[in-house]
1. Restricting to helices (runs of 4 or more DSSP H) lying wholly in segment 38-134: which have 1 or more residues that are exposed (fewer than 12 other Cβ atoms within 10 Å of the Cβ) and either hydrophobic (A, V, I, L, M, F, W, C) or touching a Leu at 6+ places or on another chain (Cβ under 8 Å) (or both)?
2. In segment 122-140, is there at least one residue being touching a strand residue (DSSP E or B) at 6+ places or on another chain (Cβ under 7 Å) and without any contact (Cβ under 8 Å) to a residue 60 or more places away in the chain?
3. Look through Phe55, Phe150 and report the one residue that is out of contact with any Pro (no Cβ under 7 Å at 6 or more places or on another chain) and farther than 19 Å from Asp9 by Cα.
4. Which of the following residues is within 25 Å of Cys43 (Cα to Cα) and of a type outside the set (A, V, I, L, M): Arg69, Arg94, Arg122, Arg90?
Amino acid sequence: MEKINDGYDVYVEFDDWINKSLSRYQIRLICENESQHWPMTYCPGMSVEDALEFFLPWAEFEMDMDAHREGCISQWDAECYIMYDKEEDRAIHRTSFDDWYKEPDGIVPYQEDGEIASYRLRLELSDLGKSFIAIDSFLSEKSKFQGSTFTIDDLQW
């Protein structure tokens, strides 16, 4: 939360085993060159959205469009590949990637292989996260009254 509040880009990555009846997620938080891996957590009956709300109630999520775009290249290649031109040393596709690619609406995997759907989302602080940061800052600051106030109960006779 502090990294987001300080202006850093923070991402959450996780996989969804789409053919398993028992939902399971292993969360990875990533910021610059740091990452934090959480243990695998089994979440019976939870959707991806439910799991995100459970794991990160202080965050709002948006797609990492760069990861999604990059993850779609192999799918585009499989769908649009025609041939390899040896003379030009390049693959030829029936449609350019830019014409083929459509930005998604909502939260979707950036890569999927029929067994595992991989997600990468950018985090922002929700109202709850912003409130927590404000309260934590308030409670962490040394008060100008600290050490200069007392009650009658503090006095020992």
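Every number here is computed from the coordinates shown, using simple stated rules; none is lab data. Source: prediction; values computed, not measured. Using ideal geometry, Cβ is built from the backbone for each residue, glycine included, and neighbour counts are taken over all protein chains shown.
1. Working: elements: 48-55, 65-71, 73-80, 97-100.
Where helices (runs of 4 or more DSSP H) fall fully within segment 38-134 and carry at least 1 residues being exposed (fewer than 12 other Cβ atoms within 10 Å of the Cβ) and either hydrophobic (A, V, I, L, M, F, W, C) or touching a Leu at 6+ places or on another chain (Cβ under 8 Å) (or both), they are 73-80.
2. Taking every residue of segment 122-140 in turn, none turns out to be touching a strand residue (DSSP E or B) at 6+ places or on another chain (Cβ under 7 Å) and without any contact (Cβ under 8 Å) to a residue 60 or more places away in the chain.
3. Phe150
4. Numbers: Arg69 fails: within 25 Å of Cys43 (Cα to Cα); Arg94 fails: within 25 Å of Cys43 (Cα to Cα); Arg90 fails: within 25 Å of Cys43 (Cα to Cα).
Criteria check complete, one pass: Arg122.
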